[in-house]
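Written out below as structure tokens is the structure these notes cover.
The values are calculated or read from the model by the stated rules, or taken from the named source; none is laboratory data. These numbers come from a predicted model, not from an experiment. Cβ coordinates were reconstructed from backbone atoms using ideal geometry, including for glycine residues, and neighbour counts include every protein chain displayed. With ligands, DNA and RNA removed, areas are computed over all heavy atoms of the protein, side chains included. Shrake-Rupley method; radii C 1.70, N 1.55, O 1.52, S 1.80 Å.
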Amino acid sequence: MNAIPIATKPFFGQKPGTSGLRKKVTVFQQPHYLENFVQALFDVLHGIGGSAAGQTLVLGGDGRFHNRVAVQTILRMAAARGYTRVLVGRDGILSTPAVSAVIRRHQASGGIVLSASHNPGGPDGDFGIKYNVTNGGPAPEKITDAVYARTQELTSYQTMETADVPIGACGVFMLGQMQVEVIDPVADYADLMRDLFDFDAIRALFAGGFRLRFDAMCAVGGPYAKAIIEGELGAPAGTVVNADPLEDFGGLHPDPNPVNAEDLIAHMMRADAPDMGAASDGDADRNMIVGRGFVVSPSDSLAVLAAHAQRVPGYRDGLAGVARSMPTSTAVDRVAKRLGIDCFETPTGWKFFGNLLDAGRATLCGEESYGTGSSHVREKDGLWAVLFWLNLLAVTGKTVEQLVRELWSTDGRCFYSRHDYEGIPTEQADALMAQLRARLTDLPGQRIAGVQVAAADDFAYVDPVDGSESRKQGVRIMLADGSRVVFRLSGTGTEGATLRVYLEQHEPDVSRHSLPAQTVLAPLIALAEAVAEIRRYTGMDSPSVCT
Ligand code: VG1
Ligand code: CO
């Protein structure tokens, strides 16, 4: 069996965003579209026309529509490229954190994740592809930029003419010279979780009647949560709901926030609510934690985990440091200060944490977008965060709400909210950002909508490990007391542009900690409108999603 060249032409816009290349399924279904991107990726990794002999690739996805077709296409191209071995999840299934774990455990050279994460799926939904490098983490910008450049000049790609590999059961198959090993998607990941957490303590918690509701949102987190939480930790059957991954996520929007996981929130607000609620996203790297009648903000969740990390076996020796994305609240900064450890502020997207984790300078990382993770893999990890919380509840005997309120009374509460304006015409969104950037120098010192602006900038990051620079990562308007409003455009959407407005205000006074966030943040919301003219540019009176 020999590699055969297929003539092709470049497609417009195969540029990876915050987390891989995401487009409508119909775009990916065009002949050669996926193939071109994979060829460009392989050309960057192995040199134009170079061989991948001796290397192992990990392959899997979140099971969304087009996942199965894409797996077979990539297997053929990997064989044509000379890969020695591919580890593929059974049925083409691997969560994003599981891909990261499998790459690391099997010393693979990298992995391909087929997912558009929290974006809706199905024939009319989104599809995506992302490459993770040998540390298990998302490819850095120098790779994704080079892949994009290569997509713009392709004239052909290499594949093979073979039958589909049967991936419905574990086993080893040959595709030409390449070995395809179909693996249990959960096993390696579950081993890792067992090493990190006190499973006996969590088992005892459930045996004592503790009730959890884990909503997998019909996405890939289901099989992992069922195997570990119900299977190993003894939670009653039915603890994990929406547990079967469906190609269209059952029509759900698998983004675990109070708006899209409204059913979970409704259960957690009832008088007979379980002790804890949790949800994960399409590819199971995000998580939302909910207490009884009490929603935990992702920024607070990160801070709580950091504050109590030493109570958990995997972090018993303490944290080297913590890291958060720039828009994430400063709650974890305050914890780091108390613990006497470094806190790093990075641009949005998990790829920026990789170097800090590899260099042993950060142990826990998090983003305001319901993403938390640690040095155990190089991705954010939804189920890991849930197990971390369960472990803390088991060993402290406290409730979710108690742990968060304790954080607030120690460090003050960081009131926080994100307002998203989705589906804006791209030119309008670009114009809004451009006018904000043009005003950066004259904003400081001005009083706008009754609020005094202290400083303003466009966030730029110099990686402390390799010195690489990332500019224009979000406009920040800062007040003297540390409150801030941040504006940036999403890099994961597939329709028009999404403006994200992040609002944060610190409140030391415990008597004000139960006020509604939107009320406390009202002056900042008014400032955002006055500075950015959101209504005028977006044509929208209010955000489409507010978390
Ligand atoms: C969003 C989030 C970001 C996250 C990214 C990928 O990016 O804001 O924090 O890392 O999604 O998450 P953006 O550019 O749309 O703001 V996932 O779980 O969708 O891969
Ligand atoms: Co995700």
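For this structure, a couple of remarks:
Table: residues versus (1) within 19 Å of residue 344 (Cβ to Cβ); (2) open to solvent by 70 Å² or more (accessible area, probe 1.4 Å).
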{"residue": "436", "(1), (2)": "no, no"}
{"residue": "464", "(1), (2)": "yes, no"}
{"residue": "469", "(1), (2)": "yes, yes"}
{"residue": "500", "(1), (2)": "no, no"}
{"residue": "519", "(1), (2)": "no, yes"}
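- Which numbered condition residue 147 fails, given (1) surrounded by 19 or more Cβ atoms within 10 Å (Cβ to Cβ); (2) among the β-branched types (Val, Ile, Thr); (3) not in a helix (DSSP H, G or I): (3)
- Residue count for segment 46-75 satisfying the condition of being assigned to a helix (DSSP H, G or I), out of contact with any helix residue (DSSP H, G or I) (no Cβ under 9 Å at 6 or more places or on another chain) and either surrounded by 22 or more Cβ atoms within 10 Å (Cβ to Cβ) or not basic (Lys, Arg) (or both): 4.
- Checked against the criterion of being surrounded by fewer than 24 Cβ atoms within 10 Å (Cβ to Cβ), among the hydroxyl-bearing types (Ser, Thr, Tyr) and free of Cβ contacts under 8 Å to residues at least 60 places away in the same chain, segment 117-134 contains one or more residues that satisfy it.
- The set of residues in segment 3-52 being farther than 25 Å from residue 495 by Cβ and hydroxyl-bearing (Ser, Thr, Tyr) consists of 8, 51.
- Unmet requirement for residue 235, which otherwise passes all of (1) open to solvent by 20 Å² or more (accessible area, probe 1.4 Å); (2) in a loop (DSSP other than H, G, I, E, B); (3) among the hydrophobic types (A, V, I, L, M, F, W, C); (4) in contact with a helix residue (DSSP H, G or I) (Cβ under 8 Å, 6 or more places away or on another chain): (1)
- Condition check for residue 495: under 24 Å from residue 128 (Cβ atoms) and not in a helix (DSSP H, G or I): yes
- Members of segment 255-296 that are of a type outside the set (Lys, Arg), under 22 Å from residue 388 (Cα atoms), part of a loop (DSSP other than H, G, I, E, B) and open to solvent by 30 Å² or more (accessible area, probe 1.4 Å): 258, 275, 293
- Breaking point among (1) in a loop (DSSP other than H, G, I, E, B); (2) open to solvent by 20 Å² or more (accessible area, probe 1.4 Å), for residue 165: (2)
- Of residues in segment 18-34 being open to solvent by 20 Å² or more (accessible area, probe 1.4 Å) and within 13 Å of ligand 1 (Cβ to nearest atom), the one nearest to residue 65 (Cα to Cα): 22
- Residue among 406, 345 that alone is open to solvent by 20 Å² or more (accessible area, probe 1.4 Å) and more than 16 Å from ligand 1 (Cβ to nearest atom): 406
Yes/no per residue for (1) buried (at least 19 other Cβ atoms within 10 Å of the Cβ); (2) closer than 15 Å to residue 529 by Cα; (3) at pLDDT 95 or above:
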| site | (1), (2), (3) |
| --- | --- |
| 413 | yes, no, yes |
| 419 | yes, yes, yes |
| 430 | no, no, yes |
| 433 | yes, yes, yes |
| 453 | yes, yes, yes |
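- Summed over segment 261-300, residues that are among the charged types (D, E, K, R), out of contact with any Cys (no Cβ under 8 Å at 6 or more places or on another chain), touching a residue at least 24 places away in the same chain (Cβ under 8 Å) and away from ligand 2 (no atom under 16 Å from the Cβ) total 3.
- In segment 103-125, residue farthest from ligand 2 (Cβ to nearest atom) [restricted to those that are in contact with an Asp or Glu (Cβ under 6 Å, 6 or more places away or on another chain) and farther than 21 Å from residue 143 by Cα]: 105
- When residues of segment 100-116 are limited to those that are in a loop (DSSP other than H, G, I, E, B) and away from ligand 1 (no atom under 12 Å from the Cβ), the one least open to solvent (accessible area, probe 1.4 Å): 108
- Cβ-Cβ distances below 8 Å connect the following pairs, each with a first residue in segment 434-453 that is closer than 18 Å to residue 526 by Cβ and without any contact (Cβ under 8 Å) to a residue 12 or more places away in the chain, a second residue that is outside any loop (DSSP other than H, G, I, E, B) and of a type outside the set (Lys, Arg), and a separation of six or more residues or different chains: 446/452; 446/453; 447/453.
- Being hydrophobic (A, V, I, L, M, F, W, C) and not in a strand (DSSP E or B) is not true of residue 323.
- Filter result for the condition that a residue is among the aliphatic types (A, V, I, L, M), modelled with pLDDT under 95 and either under 27 Å from residue 297 (Cβ atoms) or open to solvent by 50 Å² or more (accessible area, probe 1.4 Å) (or both), over 246, 252: 252
- Residue in segment 82-96 that is over 17 Å from residue 180 (Cα atoms) and within 16 Å of ligand 1 (Cβ to nearest atom) present: yes
- For first residues located in segment 375-402 and under 22 Å from residue 353 (Cβ atoms), partners that are open to solvent by 10 Å² or more (accessible area, probe 1.4 Å) and among the β-branched types (Val, Ile, Thr) and lie 6+ apart or on another chain with Cβ distances below 6 Å form the pairs 375/363.
- Just one of the listed residues (15, 9) is within 16 Å of ligand 1 (Cβ to nearest atom), farther than 27 Å from residue 252 by Cβ and open to solvent by 10 Å² or more (accessible area, probe 1.4 Å), namely 15.
- Residues being in contact with a strand residue (DSSP E or B) (Cβ under 7 Å, 6 or more places away or on another chain) and away from ligand 2 (no atom under 16 Å from the Cβ) - total across segment 90-99: 2
- Test set (1) at pLDDT 95 or above; (2) touching a strand residue (DSSP E or B) at 6+ places or on another chain (Cβ under 8 Å) - residue 308 fails condition number: (2)
- Residue in segment 222-232 that is out of contact with any His (no Cβ under 7 Å at 6 or more places or on another chain), farther than 30 Å from residue 275 by Cα and open to solvent by less than 40 Å² (accessible area, probe 1.4 Å) present: no
- Subset of segment 1-45 [under 27 Å from residue 371 (Cβ atoms), assigned to a loop (DSSP other than H, G, I, E, B) and not β-branched (Val, Ile, Thr)]: 13, 14, 15, 16, 19
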